[in-house]
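Here's the structure, in structure tokens; my notes come after.
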Amino acid sequence: MIYLIGPMASGKSTVGRSLATALSTSFADSDAAVVAHHGTIPQIFAEHGESHFRDLEVQALARLLTGVVATGGGAVLREENQQLLSRGTVVYLELGQQAAAERIKADSNRPLLAGDEALTVWASVYEKRRPIYEMLADVHVVVDGKSVLQIVEEILPQLEQL
Ligand SMILES: Nc1ncnc2c1ncn2[C@@H]1O[C@H](COP(=O)(O)OP(=O)(O)OP(=O)(O)O)[C@@H](O)[C@H]1O
Ligand SMILES: O=C(O)C1=C[C@@H](O)[C@@H](O)[C@H](O)C1
Ligand SMILES: [Mg+2]
């Protein structure tokens, strides 16, 4: 199992899909798995709160057992998920604030970033989680200014060295 972790908009879903293709394996996304069973992420947050979303995320990740898995940005918060990820190989995508600004402004699907202060919130959420991402990472790639293909090509040799 290869898990992609990192802050919102770092490219976990996008890079994960490409990485799975490069490795000729399956791709899954924990956010998509939650949405498929329980409705959109903004809806789940609004109706049941973030903690309920985190419960659903734990359940979804526990069921995704093969190939490359893109996690949600906050999946690393739950201890159960940390343990699960530690049993696989973890790829951390690091994203800088300037690159993040470009990516998050046009996206309304992240309830934690709703409102005018999206970038400030993104940065403060990231700083709280950064030590967890770093602790869990087997492979660490800074993605700013790189194409999806370049990122995949940076990840592949590092996976071979593990
Ligand atoms: N290397 C890249 N270069 C340019 N744009 C990118 C790159 N990787 C991803 N993107 C774009 O950035 C946005 C966020 O990407 P993506 O949804 O894959 O991030 P994520 O880490 O899965 O986010 P989330 O935590 O919300 O699930 C998308 O619009 C995607 O097309
Ligand atoms: O970083 C986060 O807390 C989140 C990231 C997204 O992938 C979704 O899982 C959701 O919007 C929460
Ligand atoms: Mg994603």
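The values are calculated or read from the model by the stated rules, or taken from the named source; none is laboratory data. Note that the structure is predicted; figures quoted are calculated from it, not measured. For neighbour counting, all protein chains shown are included, and Cβ atoms are generated from backbone atoms with ideal geometry for every residue, glycine included. Note: accessible area is taken over every heavy atom of the protein model, side chains too, but ligands, DNA and RNA are not part of it. Shrake-Rupley method; radii C 1.70, N 1.55, O 1.52, S 1.80 Å.
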key: Checking GLY67 against (1) open to solvent by less than 50 Å² (accessible area, probe 1.4 Å); (2) away from ligand 3 (no atom under 16 Å from the Cβ); (3) in contact with a Ser or Thr (Cβ under 9 Å, 6 or more places away or on another chain), the condition it does not meet   = (2)
ask   = Which one is most open to solvent (accessible area, probe 1.4 Å), of the residues in segment 38-61 that are farther than 21 Å from LEU84 by Cα and without any contact (Cβ under 8 Å) to a residue 24 or more places away in the chain?
value = GLU47
query = Within segment 40-47, is even one residue at pLDDT 95 or above, part of a helix (DSSP H, G or I), near ligand 1 (Cβ under 9 Å from one of its atoms) and hydrophobic (A, V, I, L, M, F, W, C)?
reply = yes
request  = Check SER18, SER13, SER26 and return the single one that is open to solvent by 20 Å² or more (accessible area, probe 1.4 Å), on the phi < 0 side of the Ramachandran plot and near ligand 1 (Cβ under 7 Å from one of its atoms).
outcome  = SER13
ask   = If you go through segment 105-135, how many residues are under 25 Å from GLU79 (Cβ atoms) and among the hydrophobic types (A, V, I, L, M, F, W, C)?
value = 8
request  = Name every residue in segment 70-90 that is hydroxyl-bearing (Ser, Thr, Tyr) and open to solvent by 20 Å² or more (accessible area, probe 1.4 Å), in order of residue number.
outcome  = SER86, THR89
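Can you tell me which residue within segment 70-82, out of those that are under 22 Å from SER26 (Cα atoms) and assigned to a helix (DSSP H, G or I), is farthest from ligand 3 (Cβ to nearest atom)?
Step by step, filter segment 70-82, then rank; the result is GLN82.
Looking for whichever is over 17 Å from TYR133 (Cα atoms), within 12 Å of ligand 2 (Cβ to nearest atom), of a type outside the set (Val, Ile, Thr) and in contact (Cβ under 8 Å) with a residue 60 or more places away in the chain here; the options are LEU19, LEU112, LEU65. Which one fits?
LEU112
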ask   = Take the residues of segment 97-114 that are surrounded by 14 or more Cβ atoms within 10 Å (Cβ to Cβ) and more than 11 Å from ligand 1 (Cβ to nearest atom): which is nearest to GLN161 (Cα to Cα)?
value = ALA101
ask   = Out of segment 100-114, which residues are assigned to a helix (DSSP H, G or I) and hydrophobic (A, V, I, L, M, F, W, C)?
value = ALA100, ALA101, ILE104, LEU112, LEU113
task = Report yes if some residue within segment 13-31 is among the aliphatic types (A, V, I, L, M), out of contact with any Gly (no Cβ under 7 Å at 6 or more places or on another chain) and more than 21 Å from LEU162 (Cα to Cα); otherwise report no.
result = no
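Per-residue answers, yes or no, for (1) open to solvent by 80 Å² or more (accessible area, probe 1.4 Å); (2) in a helix (DSSP H, G or I):
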position: ASP116; (1), (2): yes, no
position: THR120; (1), (2): yes, yes
position: SER124; (1), (2): no, yes
position: ARG130; (1), (2): no, yes
position: TYR133; (1), (2): no, yes
position: VAL141; (1), (2): no, no
position: LYS146; (1), (2): no, no
position: LEU149; (1), (2): yes, yes
position: VAL152; (1), (2): no, yes
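Is segment 87-99 home to any residue that is in a helix (DSSP H, G or I), small (Gly, Ala, Ser) and modelled with pLDDT under 95? Before the answer, list the steps.
Our first condition is that a residue be in a helix (DSSP H, G or I); within segment 87-99, this holds for 97-99.
Remaining after also requiring small (Gly, Ala, Ser): 99.
Among the residues that remain, those that are also modelled with pLDDT under 95 are: 99.
Among the residues of segment 87-99, at least one is in a helix (DSSP H, G or I), small (Gly, Ala, Ser) and modelled with pLDDT under 95, which makes the answer yes.
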